[in-house]
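Trainee: I'd like to ask you about the structure that follows.
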Amino acid sequence: MTSRERTSRRVGFGFRILSGVIDFIFAVLLALPLSRTLGEWFAGRAVVMLSIGSPDTLWTGPIPMALGAIGELVYVLPLAWLLILMPEIFFGAAAGKWMLGIRILPATSVRLRSDRTPLVAGFVRWVVKCAGLLSMTLALVLGSGVAAVVAFGVSVSVLAGFFVTIQPKSDALHDRLAGTTVVR
Amino acid sequence: MRHRSKWPPLFLIALFLAAGAATLFAPEAGPRGACVASAVGDDRTIPDIVGTWEGTWEDTIYMVSGSMSWTISPDRYDYIGSGTIDLTALGLGAQEGSAGGGITRQALEFTYEANSVGSGNGVLTGNSLVGDGLVTAPLNFGYFTFRGTVTSEAAEGRFFFVSPTGGAGRVTMTNTTPVESTSWGSIKAGYRNDDE
């Protein structure tokens, strides 16, 4: 453990939510140019995945209509968000964490200690944290309604796991599973 | 001051540059398919559309609907219209709009707009209606096209948003106060006579 790591403080709920919001804003900004290219293809896949226009689809009503109207942006957003969060694997911080001066480190406590290298730990953390986004992107690529339901369940589980486990003095679910911690 | 890696922002910049570069090669966004057609040259007469029109719009993809009403009046050599579209289902309530247009070579060309909805234009040639529009903020539904048929008593048509996941549906309207046995030409002629 370096002296810098020893002097770092674990980051609590507020900073992490804020970094998530910043990442989301960057994801939307990235989705804007992507909507002109990949977005149209993803919107086409969403038509298959959600059976849009089919008589037996459940994807009806004003909210699906509003989302569908900007479908090229909405349905490429999971991929854009994944890309925005990808630096967390390699550099320990994506845009939000970098701007707030916080970063991911391998855990040093007994409870969270991991034998994984930082890169592997970062990858495991990214996969767990982004499980909902990954499964939603996969569901879109496959055009599978079942996969979309699974993706939704995974997203809710990951989000619930984050809120249930994160405390001022403890790590979020994906940190616990990956053996990482987020420090300032 | 703690050292921060320079790689996250560089990665971000590279990502946005790549996405931006890909956009340069993307086809231009805009209405695809049925843009406003120019008037055909045959001698079809335009139905009398003056009156109060009542009807509904219905998105048959997302099962959302509302009412519409328009009042169309002659305005010297042209016509003007005003009306409302009920967007309560979308949380916008009833939005007011206006329209205006004139006849050019057997075609009635018109534009329409509503502050909180968008704007567009169309052409009525004989009984055939075609046009397009753009739904702007706050809904931002994007470009749409429409086509249909219009008589002096009724109008029906279909609209299509150009996004692959965009809505599509139909509009049906009835002229509740048609100007009976009065041709558009005679209305215009009447106004011309008034000027003389």
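Trainee: For B:Pro138, work out the one condition from (1) at pLDDT below 85; (2) more than 23 Å from B:Arg105 (Cα to Cα); (3) surrounded by 17 or more Cβ atoms within 10 Å (Cβ to Cβ); (4) not basic (Lys, Arg) it doesn't fulfil.
Mentor: Status for B:Pro138: all satisfied but (3).
Trainee: To continue, here is another question. Sort through B:Tyr112, B:Tyr62, B:Tyr77 and tell me the only one that's among the aromatic types (Phe, Trp, Tyr), surrounded by fewer than 19 Cβ atoms within 10 Å (Cβ to Cβ) and at negative phi.
Mentor: Details: B:Tyr112 fails: surrounded by fewer than 19 Cβ atoms within 10 Å (Cβ to Cβ); B:Tyr62 fails: surrounded by fewer than 19 Cβ atoms within 10 Å (Cβ to Cβ).
None of the others qualify; the one that does is B:Tyr77.
Trainee: Related question: Given the criterion touching a residue at least 24 places away in the same chain (Cβ under 8 Å) and crowded, with 18+ Cβ neighbours inside 10 Å, identify the matching residue among B:Gly133, B:Gly126.
Mentor: On the way: B:Gly133 fails: touching a residue at least 24 places away in the same chain (Cβ under 8 Å).
B:Gly126 is the lone residue from the list that is touching a residue at least 24 places away in the same chain (Cβ under 8 Å) and crowded, with 18+ Cβ neighbours inside 10 Å.
Trainee: Pull up the stretch B:149-180, narrow it to residues that are among the aliphatic types (A, V, I, L, M) and modelled with pLDDT under 90, then point me to the one that is surrounded by the fewest Cβ atoms within 10 Å (Cβ to Cβ).
Mentor: Among residues in the stretch B:149-180 that are among the aliphatic types (A, V, I, L, M) and modelled with pLDDT under 90, the one surrounded by the fewest Cβ atoms within 10 Å (Cβ to Cβ) is B:Val179.
Trainee: Checking A:Gly92 against (1) closer than 25 Å to B:Leu90 by Cβ; (2) at the interface with chain B (Cβ under 8 Å from one of its Cβ atoms); (3) crowded, with 16+ Cβ neighbours inside 10 Å, which single condition isn't satisfied?
Mentor: Failed condition: (1).
Trainee: Count, please, the residues in the stretch B:47-78 that happen to be among the aliphatic types (A, V, I, L, M), over 19 Å from B:Thr145 (Cβ atoms) and within 14 Å of another protein chain (Cβ to nearest Cβ). Break it down into steps so the answer makes sense when it comes.
Mentor: Step one: list which residues in the stretch B:47-78 are among the aliphatic types (A, V, I, L, M), which gives B:49-50, B:61, B:63-64, B:68, B:72.
Those left that are additionally over 19 Å from B:Thr145 (Cβ atoms): B:49-50, B:63, B:72.
Pick out the ones that are also within 14 Å of another protein chain (Cβ to nearest Cβ) and you get B:63.
Residues flagged as among the aliphatic types (A, V, I, L, M), over 19 Å from B:Thr145 (Cβ atoms) and within 14 Å of another protein chain (Cβ to nearest Cβ) within the stretch B:47-78 amount to 1.
The values are calculated or read from the model by the stated rules, or taken from the named source; none is laboratory data. Bear in mind the structure is a predicted one, so any value in this text is a computation, not a measurement. Every residue, glycine among them, receives a Cβ derived from its backbone with ideal geometry; neighbour counts consider all protein chains shown.
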